[in-house]
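Engineer: I am attaching a structure below and will ask some questions about it afterwards.
The values are calculated or read from the model by the stated rules, or taken from the named source; none is laboratory data. From a predicted model like this one, the values you see are computed outputs, not experimental measurements. All Cβ positions, even for glycine, are placed from backbone atoms using ideal geometry, and neighbour counts span all protein chains on display. Accessible surface is based on the protein model in full, side chains and every heavy atom, while ligands, DNA and RNA are left aside. Shrake-Rupley method; radii C 1.70, N 1.55, O 1.52, S 1.80 Å.
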Amino acid sequence: MDLLSMVFVGIGLGMDTFSISVSRGLVSHESGINYALITAFSFGAFQAFMPVLGWISGIEIQSIVSTFAPWVAFTLLLLIGLKMIYESTMLEEEEFKFSYRELLLLSVATSIDAFAVGVSFALLNISIWLPIIIIGVITFFLSLAGSYLGEKIGHIFENRIEALGGVILILIGLRILLENNVL
């Protein structure tokens, strides 16, 4: 696999984290740069770590991963999206509170595809080290940009934007199911 292909894999894997970072940035009332860096680091680390797990697992669990991974990702994104929609109906004075638990769930949900990519790398006998650096760095910067963009847009719209973020997460989950021909 050439360098350009690895960059495109990194961009492809990082697009979900970009979208989620935008949606979380829309509803965040936290300090911008700290939240954005924590989010970007979490997404980047998981997107870099999961291919390693997939690569190590290799052929042994490929059929299990390909069968259940889209459903796990969809379920996590659906639950978090529904929670965001529900919270958008609460009193307007309530602000989005940063949650490490929610960030962890989002990081896992968006990196399940990266696990499957790691399995593919193992099957193709591709060394994992350069791709995970590329994937992690690209995801970090896409997430950072998404958080920043979401924060800027969110301050323009403010009202009920959290519901939109929840809908975006659910749509990403549905897209994962459709891309994996599960529906």
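Engineer: Among (1) closer than 20 Å to M6 by Cβ; (2) open to solvent by less than 70 Å² (accessible area, probe 1.4 Å); (3) modelled with pLDDT of 80 or more, which single condition is S120 missing?
Structural biologist: It fails just one condition, (3).
Engineer: Also, quick follow-up: Looking at (1) over 20 Å from N34 (Cβ atoms); (2) open to solvent by 40 Å² or more (accessible area, probe 1.4 Å); (3) assigned to a helix (DSSP H, G or I); (4) at pLDDT below 80, which one does I153 not meet, given that it meets all the others?
Structural biologist: Exception for I153: condition (1).
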